[in-house]
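Only one structure is covered here, and it is reproduced in the block below.
The values are calculated or read from the model by the stated rules, or taken from the named source; none is laboratory data. Because the structure is predicted, anything quoted here is derived from the model rather than measured. Quick reminder, even Gly has a Cβ in these numbers, built from the backbone with ideal geometry, and neighbours come from all protein chains shown. Accessible surface is based on the protein model in full, side chains and every heavy atom, while ligands, DNA and RNA are left aside. Shrake-Rupley method; radii C 1.70, N 1.55, O 1.52, S 1.80 Å.
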Amino acid sequence: MAVITNIDDLKRLHKKRTPKMFYDYCESGSWTEQTFRENVSDFDKIRLRQRVAVDMEGRSTASKMIGQDVAMPVALAPVGLTGMQRADGEIKAARAAEKFGVPFTLSTMSICSIEDVAEHTSKPFWFQLYVMRDQEFLKNIIQRAKDAGCSALVLTLDLQILGQRHKDLKNGLSAPPKLTPAVIADLATKWTWGLEMLRTKRHGFGNIIGHAKGVDDPSSLFTWTAEQFDPRLDWGKIAAIKEMWGGPLILKGVMEPEDATMAAKVGCDAIIVSNHGGRQLDGALSSIRALQPILDAVGDQVDVHLDSGIRSGQDVLKALAMGAKGTFIGRAFVYGLGAMGEEGVTKALEVIQKELDVSMALCGRKTIADLDRDMLKIPEDFAGRWA
Ligand code: GLV
């Protein structure tokens, strides 16, 4: 058994054990992948201030996200097709998150349905919503999330249409995969994945098959988004969804202070500074660079969270020290899932918590509430002087 010491170890195993189509789906950004790359590399530009001779005993990574207790402020982000990375993937990830004490967010485009995840977990999880054109479907899915006891709605604002990811088109991404000669040859080397998939019935988009009408190819993410997602989503519709939901609301995909101000006006509980992991607008700033101006604009009105680019506890520490109240990991937990199932997701969380805890201590801080900007060395032009 390989010794796992960091998220990259899990990524290597994920690549080895998962069909290429799904590994590539996880590991791509849109078009040139500039934003996808910079989400990660921009974290490296921020440095931590090492402090010494500070009592390090009695440390804790515990905190709150939207008022809910968390073992560390790191939630699992919504990731489409998670149940294709490993059989019953959403259930496995949700169970790992629940045991660890961090929020799990179920994607609308998941393989396991809301009801299925609720049945196999014992604590509330969060539900991520994509707004579909069909009003009946929309009302129905919000009601289903309420009935399942979901404790927050994460409304994604940056995917009314899909950014193009070249690899997905070239691989013919679908759930379940279509058995072309290339896919069969690939699956022959991923037999644990295949055997586990044969043992589950969860092979399609569980939240929407049987609930949404008139889709030409129900196995294709591209067809779903093109035919069903509502391109008319605007602030009026967001306010209407807030009314329909009536519970804690998180708005995901905010990258500019103007939009953050609008989000705060609508009255959400938190926003997520996110460029969708570099999967939507290629050429957008990295999330960590976009964070400070948004904190300056609305940090005193709503909780500001961040996703996109986090691959370590040091990255989490940098975002929190800058002022984010929470972070989300997507790829980092999917690597764990593809590598080792539920155990791998737990491993990813353990790796990040340990890195966060030890780095925090080496910066002379003992709790999440102690973190602040004084711990960081940020290049003067980090947020950029853009004309
Ligand atoms: C969303 O479902 C994505 O593929 O980024």
Quiz item: Do we have Ala339 as surrounded by 24 or more Cβ atoms within 10 Å (Cβ to Cβ), more than 14 Å from the chain's Cα centre (by Cα) and in contact (Cβ under 8 Å) with a residue 60 or more places away in the chain here?
Solution: yes
Quiz item: Residues of region 11-36 being charged (D, E, K, R) and within 16 Å of the ligand (Cβ to nearest atom), which ones?
Solution: Asp24, Glu27, Glu33
Practice problem: List every residue pair whose Cβ atoms sit under 8 Å apart, with the two residues 6 or more apart in sequence or on different chains, where the first one lies in region 316-333 and is over 12 Å from Ala75 (Cα atoms) and the second, anywhere, is of a type in the set (Ser, Thr, Tyr) and surrounded by 24 or more Cβ atoms within 10 Å (Cβ to Cβ). | Solution: Ala319/Thr327; Leu320/Thr327
Quiz prompt | Among the residues listed as Leu233, Leu195, the single one being at pLDDT 95 or above, within 16 Å of the ligand (Cβ to nearest atom) and of a type in the set (A, V, I, L, M, F, W, C) | solution = Leu233
Exercise. Would you list the helices (runs of 4 or more DSSP H) that sit entirely within region 104-180 and hold 3 or more residues that are within 16 Å of the ligand (Cβ to nearest atom) and over 28 Å from Gly236 (Cα atoms)?
Key: 166-171
Quiz item: Is it the case that Glu115 is within 23 Å of Phe100 (Cα to Cα), touching a residue at least 12 places away in the same chain (Cβ under 8 Å) and open to solvent by 70 Å² or more (accessible area, probe 1.4 Å)?
Solution: yes
Self-check item: Condition met for Ile209 (away from the ligand (no atom under 16 Å from the Cβ) and either more than 30 Å from Ala324 (Cα to Cα) or surrounded by 17 or more Cβ atoms within 10 Å (Cβ to Cβ) (or both))
Solution: no
Exercise. Inspect all residues belonging to region 286-297 and state whether any of them is surrounded by fewer than 23 Cβ atoms within 10 Å (Cβ to Cβ), within 19 Å of Gly384 (Cα to Cα), within 17 Å of the chain's Cα centre (by Cα) and touching a residue at least 40 places away in the same chain (Cβ under 8 Å).
Key: no
Exercise. Could you list all residues from region 35-53 that are in contact with a helix residue (DSSP H, G or I) (Cβ under 8 Å, 6 or more places away or on another chain) and either without any contact (Cβ under 8 Å) to a residue 24 or more places away in the chain or not aliphatic (A, V, I, L, M) (or both)?
Key: Thr35, Phe36, Arg37, Glu38, Asn39, Asp42, Phe43, Arg49, Gln50, Arg51
Quiz item: In this structure, does Gly253 turn out to be open to solvent by 10 Å² or more (accessible area, probe 1.4 Å) and under 18 Å from Thr327 (Cβ atoms)?
Solution: yes
Quiz item: Has region 142-150 got any residue that is in contact (Cβ under 8 Å) with a residue 60 or more places away in the chain and of a type in the set (S, T, N, Q)?
Solution: no
Quiz item: With respect to the numbered conditions (1) in contact with a Gly (Cβ under 8 Å, 6 or more places away or on another chain); (2) among the polar types (S, T, N, Q); (3) more than 25 Å from Leu249 (Cα to Cα), which one is the sole condition not fulfilled by Gln314?
Solution: (1)
Quiz prompt | Residues satisfying the stated conditions in region 72-103, i.e. away from the ligand (no atom under 16 Å from the Cβ), assigned to a loop (DSSP other than H, G, I, E, B) and under 16 Å from the mean Cα position of the chain (by Cα) | solution = Met72, Pro73, Val102, Pro103
Practice problem: Report yes if Trp224 is open to solvent by less than 70 Å² (accessible area, probe 1.4 Å), out of contact with any Lys or Arg (no Cβ under 7 Å at 6 or more places or on another chain) and not in a loop (DSSP other than H, G, I, E, B), otherwise no. | Solution: yes
Quiz item: Which of the residues belonging to region 325-336 are open to solvent by less than 10 Å² (accessible area, probe 1.4 Å) and within 17 Å of Lys64 (Cα to Cα)?
Solution: Gly326, Thr327, Phe328, Ile329
Self-check item: The listed residue being away from the ligand (no atom under 16 Å from the Cβ), assigned to a strand (DSSP E or B) and surrounded by fewer than 16 Cβ atoms within 10 Å (Cβ to Cβ), out of Asp8, Asp69, Asp55
Solution: Asp69
Exercise. Run Phe125 past the list (1) more than 20 Å from Glu27 (Cβ to Cβ); (2) touching a residue at least 40 places away in the same chain (Cβ under 8 Å) and report the number of the one that doesn't hold.
Key: (2)
Quiz item: What tally of residues in region 202-243 results from selecting those that are free of Cβ contacts under 8 Å to residues at least 12 places away in the same chain and either in contact with an Asp or Glu (Cβ under 9 Å, 6 or more places away or on another chain) or of a type in the set (A, V, I, L, M, F, W, C) (or both)?
Solution: 4
Self-check item: Candidates Pro181, Pro176, Pro231 - the one that is closer than 17 Å to Ser110 by Cβ and surrounded by fewer than 15 Cβ atoms within 10 Å (Cβ to Cβ)
Solution: Pro176
Quiz item: Here is a list of conditions, (1) touching a residue at least 60 places away in the same chain (Cβ under 8 Å); (2) charged (D, E, K, R); (3) more than 19 Å from Asp9 (Cβ to Cβ); (4) open to solvent by 40 Å² or more (accessible area, probe 1.4 Å), and Asp307 meets all of them except one; can you say which number that is?
Solution: (4)
